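To start, the structure itself, in C-alpha cells.
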Amino acid sequence: MAMDKILVHGGATLQGSVRISGSKNSALPILAAALLTREPCIIHHVPDLSDINYMLQILSQLGAEVERASGTVTIKAENIKTHAPYDIVRKMRASVCVLGPLLGREKEATVALPGGCVIGDRPIDLHLKGFEALGAKVRVVGGDVKVFAAELRGTSISLRGKYGSTVLGTDNVMMAAVLAEGTTVIEAAAAEPEVVDLANFLNAMGARIEGAGTRRIIIEGVSELHGAEHEVIPDRIEAGTFLVAGAICGQGVTLRNVKPSHLESITERLKMAGFHLENTEKTITIKPNGGAKPLELTTEPYPGFPTDMQAQMCALLATSPGISTVTENIFPQRFMHLSEMKRMGADIKIEGSTAIIQGVEKLSAAPVMASDLRASAALVLAGLKAEGVTEINRVYHIDRGYEHIDEKLAELGARIERVKV
Ligand code: EPZ
C-alpha cells in the first residue's frame, strides 16, 4: 500500500459526474472534539483516508471507544488519558487538535510537538498563545508540549499571525474555551467553512458559540457538553481538484454533493481562466468555454483563494496560453510540485513566493515524486494532459487526503491505474 504508484495515461477526455466526499479538514477536528464529552458522538460523512485513520488511532490510544461503519464513526470517550505519544502524533500534524479538547475537559494535555513538514516550518505558537490567554501554562519537555491549568477563564484573544489567521489554532482555542469559565472572544479568527462546521458540531453538543465564519468568534463557556450527531460538510478542496481536472481535459464534468458557496473563490478564478461554470444547490458543472486564459492568482485565508488549491491550479496554468503568476501567501515554501512539473516540460520560474508560469502547448510524461498531498494531486492532474504515461510515486501522500482519487477519475473517463508495489 505505502509504496503504490499511480500511472496516468495522458490524452483522455473526462465527462460525467463524480460524488464529492466529506471534508478531511473538517472531519479531523470534529473527531477530536468528541473527546469533550463522556457521551457517544455520531459523525457521518467521514471520508475513508489515512489521515482519518491516524486520528481514530490517536483517539483510541487516548482511551476512547471508536466504531466505524463505512462513513459513520461513533466515538465514546468515557474515560480518557491526556497524553498522545510521539509514535503516532508524528505521522500527522493535525494531531495537535487533540490539545484543545483535552485541555478543555481534563485541564491538561501532553502531545508530541509536531516537527517541520514538506510545506515548511509549521509552528503552533498561536495555538499555545491562545491556551495561555485562557490561563494555561505551557511547557516543552522531551519533545512533548504540555499544557495545563487549574482552571480556564474566558478572555479576549487575538490569533493574528504573520500569515493571517490560523485554522487549527482557531479550532483548538475554540475547543478549549467551550468549557472555560466565562466568555472568550477570539479576534482575527480563521473563517474557513471547516471552522464553521466544527462550531456547529460543538453547538450541537451544547456549546454556545457565535460568529464562526467571521473574524470574531464569541464563546460563552458551559460546564458540560453532551453527545451529538453531525454530518461533515463536503470537501471543498477535493471538489476544487475535480473542477481543475474538468478544466484541464473535460467536456462537461459535474460534481455531486458539493456546497457551491464554499467554492466561490475557485469557481470565480476558473471562469476568469476561460471556463463555463454552472451551479445548482448541490452540484457544480464545468465545461470548456472557448479556450483557456492565463491568471494572476494569490492564495489567502478564506474567502480568498485557498493554498490547498494552489498546486492543482499550477497544473492547469502550465498549459494555459500566456503568462500566469501564482503567489503563495500562506506557506511561502509550498512550491515543491513546480520542479516536478518542470521535469514534465512546464516553463516555470520562481521569484520569492511567486511562480511565473509561461503556458506551454503540452507537457510530456515523466516519473515524478510527490511531496505533499496537494502536490501529488497536482501531478496526477498534470499527467491527464501530458503526452505519454506519467508515473506518480509516493502515492501514500494522495491517500492521506483524497478518497479513491484514481477510481473517481477513472469513472469520469481518465485512463489511470494504481500499481501495487
Ligand atoms: C490547515 O492547516 C489545513 N489542515 C491545511 O491543509 C491548510 O493548508 C491550512 O489550514 C491553511 O488553509 C487541516 O485543516 C488539518 P494554519 P493549519 O494554522 O491549521 C502559520 C491540506 O493539504 N501559523 O491556518 O495547520 C502557518 O505556518 C492541508 O489539507 C503560525 O505562524 O494551517 C501558516 O503560514 C495541509 N503559527 C499560516 O499560519 C501557528 O501557531 C496558516 O496556517 C499556526 C500557524
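The values are calculated or read from the model by the stated rules, or taken from the named source; none is laboratory data. No experiment lies behind these values; they were computed from the predicted model shown. Please note: Cβ atoms are built from the backbone with ideal geometry, for glycine as well, and neighbour counts cover all protein chains shown. Surface accessibility is based on the protein's heavy atoms, side chains included, excluding ligands, DNA and RNA. Shrake-Rupley method; radii C 1.70, N 1.55, O 1.52, S 1.80 Å.
Screening the candidates K81, K91 for the property of being within 16 Å of the ligand (Cβ to nearest atom), part of a loop (DSSP other than H, G, I, E, B) and not assigned by TED's automatic domain parsing to the domain that holds D406 yields one hit, K91. Checked against (1) surrounded by 21 or more Cβ atoms within 10 Å (Cβ to Cβ); (2) over 22 Å from I398 (Cα atoms); (3) within 22 Å of the chain's Cα centre (by Cα), I42 passes all but a single condition, namely (1).
Taking region 385-401 as the range and being within 23 Å of the chain's Cα centre (by Cα) and either assigned to a helix (DSSP H, G or I) or within 20 Å of T298 (Cα to Cα) (or both) as the test, the residues that pass are Y396, H397, I398, D399, R400, G401. The criterion of being within 16 Å of the ligand (Cβ to nearest atom) and outside any helix (DSSP H, G or I) does not hold for L263. On the given criteria, is E181 charged (D, E, K, R) and away from the ligand (no atom under 16 Å from the Cβ)? Considered against the rule, which asks whether it is charged (D, E, K, R) and away from the ligand (no atom under 16 Å from the Cβ), E181 comes out as yes. The numbered conditions (1) more than 16 Å from the ligand (Cβ to nearest atom); (2) open to solvent by less than 50 Å² (accessible area, probe 1.4 Å) are all true for A32 except (1). Restricting the search to strands (runs of 3 or more DSSP E) fully inside region 288-382 and requiring at least 3 residues that are closer than 24 Å to R400 by Cα and in contact with an Asp or Glu (Cβ under 7 Å, 6 or more places away or on another chain) gives 367-369.
Take the residues in region 256-285 that are over 20 Å from S17 (Cβ atoms) and in contact (Cβ under 8 Å) with a residue 40 or more places away in the chain, then tell me which one is most open to solvent (accessible area, probe 1.4 Å). Among residues in region 256-285 that are over 20 Å from S17 (Cβ atoms) and in contact (Cβ under 8 Å) with a residue 40 or more places away in the chain, the one most open to solvent (accessible area, probe 1.4 Å) is R269. The residues of region 151-167 that are away from the ligand (no atom under 12 Å from the Cβ) and either open to solvent by less than 30 Å² (accessible area, probe 1.4 Å) or not in a loop (DSSP other than H, G, I, E, B) (or both), listed by number, are L152, R153, G154, S156, I157, S158.
The rows are residues; the columns are (1) open to solvent by less than 30 Å² (accessible area, probe 1.4 Å); (2) away from the ligand (no atom under 16 Å from the Cβ); (3) not hydroxyl-bearing (S, T, Y).
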| position | (1), (2), (3) |
| --- | --- |
| G304 | yes, no, yes |
| Q333 | no, no, yes |
| M344 | yes, yes, yes |
| A366 | yes, yes, yes |
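The set of residues in region 1-16 being part of a strand (DSSP E or B) and surrounded by 15 or more Cβ atoms within 10 Å (Cβ to Cβ) consists of K5, I6, L7, V8, H9, L14, Q15. Once region 194-222 is narrowed to residues that are among the hydrophobic types (A, V, I, L, M, F, W, C) and in contact with a His (Cβ under 7 Å, 6 or more places away or on another chain), the residue that is farthest from A32 (Cα to Cα) is A204. Scanning region 277-321 for residues that are among the charged types (D, E, K, R) and over 19 Å from K385 (Cβ atoms) gives E278, E281, K282, E296, E300, D308.
Select from region 47-77 the residues that are open to solvent by less than 10 Å² (accessible area, probe 1.4 Å) and of a type in the set (V, I, T) and write down the one among them that is nearest to the ligand (Cβ to nearest atom). Applying the filter and picking the extreme gives I52.
Residues checked against (1) hydroxyl-bearing (S, T, Y); (2) out of contact with any helix residue (DSSP H, G or I) (no Cβ under 9 Å at 6 or more places or on another chain):
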position	(1), (2)
C97	no, no
E151	no, yes
T155	yes, no
L159	no, no
T166	yes, no
G182	no, yes
A190	no, no
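Figure legend. Inter-residue proximity from region 63-90: first residues more than 16 Å from L102 (Cβ to Cβ), second residues of a type in the set (D, E, K, R) and surrounded by 15 or more Cβ atoms within 10 Å (Cβ to Cβ), beta-carbon distance below 6 Å, spacing 6+ or different chains. Indicated pairs: E65/K76.
The rows are residues; the columns are (1) aromatic (F, W, Y); (2) farther than 19 Å from A12 by Cβ; (3) surrounded by fewer than 17 Cβ atoms within 10 Å (Cβ to Cβ).
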position	(1), (2), (3)
S353	no, yes, no
I356	no, yes, yes
L384	no, no, no
I416	no, no, no
